[in-house]
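Note sheet for the following structure.
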């Protein structure tokens with residue numbers, strides 16, 4: 001699949017078929033993720049691959065009841081837990097770059113998964129301490145995101161996006177790029 005096609009077609013998937021995902025394919029996705037850029041190439045990210053049904057159920061309980069992504073964590077055959085060590089990244093002007101580093105890596109995983117016909121859904125609304133407990137994650141790591149991974153029941157429709165003229169400027173703020 002062409003990169004631009006993957007970017008335009010990728011959608012958040014919250015309903016999955018029970019089809020298993022091969023370890024070789026997961027390794028391919030993790031390899032795509034590890035190629036992401038990071039602060040001074042420190043690569044602060046860590047990925048925890050969770051297949052166990054009880055753990056996935058417990059991870060779903062770490063989400064607020066009204067988070068629509070919770071069912072996907074149980075339905076999908078795999079959940080990827082994205083963690084990062086803040087000490088393995090930079091902090092400048094009050095900005096913690098481990099979040100950006102980890103986000104770049106997960107975006108590459110998400111795009112690679114879509115290119116392989118799999119669905120994902122970036123989840124950042126959860127109780128971090130609960131996730132750490134379920135997965136025995138060390139205290140010095142932060143849980144940045146979760147994503148279910150599996151074959152989508154259906155591909156969600158394209159959502160409207162803002163026009164370039166609404167989000168991009170030329171030379172000065174407010175001066176339209178177009």
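May I ask for the distance between the Cα centers of the stretch 93-169 and the stretch 25-73, given as a whole number of Å?
What the calculation gives is 8 Å, centre to centre.
Let a ≥ b ≥ c be the square roots of the eigenvalues of the Cα gyration tensor of the stretch 98-165; is it rounded (a/c under 1.5), or, if not, prolate (a/b larger than b/c) or oblate?
On the way: a/c = 2.20, a/b = 1.60, b/c = 1.37.
It comes out prolate by the Cα gyration axes.
Give the shape of the stretch 3-167 as rounded, prolate or oblate, defined through the alpha-carbon gyration tensor: a ≥ b ≥ c are the square roots of its eigenvalues, a/c under 1.5 means rounded, and otherwise the shape is prolate if a/b is larger than b/c and oblate if not. Write out the running numbers ahead of the final one.
On the way: a/c = 1.44, a/b = 1.08, b/c = 1.34.
Since a/c stays below 1.5, the shape of the stretch 3-167 is classed as rounded.
Which residues does the label zone of residue 52 cover in the stretch 95-134, counting backbone N under 11 Å from a point 7 Å along Cα→Cβ?
Inside the label zone: 134.
So what is the calculated 222 nm ellipticity per residue for the chain, using -39500 (n - 2.57) for each DSSP H run with n of 4 or more, over all residues, to the nearest 500 deg cm²/dmol? Each step should come with its number before you reach the end.
Working: 7 runs with 64 residues, N = 178.
So the helix-based figure for the chain works out to -10000 deg cm²/dmol.
Compute the FRET efficiency between residue 34 and residue 87 as 1/(1 + (r/R0)^6), taking r as their Cβ-Cβ distance and R0 = 25 Å, and round to the nearest 0.05. Each step should come with its number before you reach the end.
On the way: r = 19 Å, r/R0 = 0.75.
Computed FRET efficiency for residue 34 and residue 87: 0.85.
Any idea what Rg and Dmax come out to for the stretch 1-97 if you just take the C-alpha atoms, in Å?
Spelled out, the Cα radius of gyration and Dmax of the stretch 1-97 are 16.0, 46 Å.
Measuring from a point 7 Å past the Cα of residue 11 along Cα-to-C-beta, which residues in the stretch 156-172 have an amide N at less than 12 Å?
Hits in the stretch 156-172 for residue 11 at 12 Å: 156-160.
Here, each number is a calculation from the coordinates, and none is a lab measurement. All of these numbers come straight from a predicted model, not from anything done at the bench. Quick reminder, even Gly has a Cβ in these numbers, built from the backbone with ideal geometry, and neighbours come from all protein chains shown.
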